[in-house]
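The values are calculated or read from the model by the stated rules, or taken from the named source; none is laboratory data. Just so you know, these numbers come straight off a predicted model, no measurement behind them. Note that each Cβ is placed from the backbone with ideal geometry, even for glycine, and that neighbours are counted across all protein chains shown. These area figures cover heavy atoms from the full protein model, side chains too; ligands, DNA and RNA do not enter into them. Shrake-Rupley method; radii C 1.70, N 1.55, O 1.52, S 1.80 Å.
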Amino acid sequence: MGSNPTEGTTKDVVRVFENSLVHPPEIRARARQMFLAGKTVADTARAVGLPYLTVWHWCNDRPEARLQGTELRCFRCREGVDSPTDPAAYVYLLGLYLGDGHLVTTARVPVLRIFCADAWPDLIEACDVAMRAVLATKVQRVQKQGCVGVQSYGKHWPCLFPQHGPGKKHERPIVLADWQLSLVESHPGDFVRGLFHSDGCRFANRVTVRGKEYIYPRYMFVNESTDIMGLCQWSLDLLGIAWRMNRRNCLSVARRDAVATLDRHVGPKS
Ligand SMILES: [Zn+2]
């Protein structure tokens, strides 16, 4: 048989199909290994004792060639890749998503949408950059009243944010997957930045004592979901930042050293 697989007959093609069903994956893996180590297809075929065409298909089956669009960049689907290229960007985006994001999976192509208030221009840019760093090839900005919806269509957003589901986030349990927990554990500062950028605020508490004004900066995080609130508390604990609950749905960071530490991770909004 010649070196060009197109010279194979229909009978060969049928045999290839049968072989690929019959041969155990170990033989296929061994053949690919030999081919990748530098053997020719013909030598490999002889070594494993199988038809040339069968082995040619095994050796030229590149998973990348079958991947399209966001699948190419999805670290949950790509073979041999199990973490994001930019874990800090992923964890930040996870914080934004849990705070004020929506993943709509009812459309033909799922869309991740995060609402950013107009008053925070840097946030819109940071959200756009994070989406591109994680998965998006295209990001759109949709002007709404008082805010901008930063959104990106991609079939693989649901792989990266398995917390999506019908209804509001505070009406269903929000539980992070083990792989998400370990990413947050290694990047807690990026996670709290995402949470505070979407659902938090930093404000100046002004106090006048004997005619002199003192300003105490504070942070607040407001979220209706007790699960998301728990994740916020956990990540602040990881950073050693003191917090307390003002109300059931409102967390505050007010101690001077705690505010200073949070400033380093979240930064004042601009
Ligand atoms: Zn995927």
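Descriptive notes on the structure:
- Helix-only mean residue ellipticity at 222 nm for the chain, each DSSP H run of n ≥ 4 adding -39500 (n - 2.57), per residue, nearest 500: -13000 deg cm²/dmol
- Rounded to the nearest 10 Å², the accessible area of T85 at probe 1.4 Å: 130 Å²
- Peptide packing for 209-217, 252-260 was compared via the average number of neighbouring C-beta atoms within 10 Å per residue; ordered from the highest value, the list is 252-260, 209-217.
- Nearest-0.05 FRET efficiency for T85 and I215, computed from C-beta distance (R0 35 Å): 0.30
- Available extension along the chain between A242 and A260 is 5.4 nm, counting 0.36 nm per residue and deducting the alpha carbon span.
- Debye intensity ratio in log₁₀ form over the Cα atoms of the range 197-265, taken at each q of 0.14, 0.18, 0.27 Å⁻¹: -0.44, -0.68, -1.27
- At R0 = 51 Å, FRET efficiency that the Cβ-Cβ distance of N249 and R78 yields, to 0.05: 0.85
- Calculated FRET value between T106 and S186, using beta carbons and R₀ = 25 Å, to 0.05: 0.15
- Each Lys or Arg adds one and each Asp or Glu subtracts one; over the other residues with Cβ under 11 Å from the Cβ of I124, this totals -3.
- Taken over the alpha carbons of the chain as equal point scatterers, the Debye sum produces base-10 log I(q)/I(0) values at 0.07, 0.11, 0.13, 0.16 Å⁻¹ of -0.40, -0.72, -0.86, -1.13.
- Computed over protein heavy atoms with a 1.4 Å probe, the accessible surface of the chain works out to 55 Å² per residue.
- Heavy atoms of V207: accessible area, 1.4 Å probe, square angstrom to 10: 50 Å²
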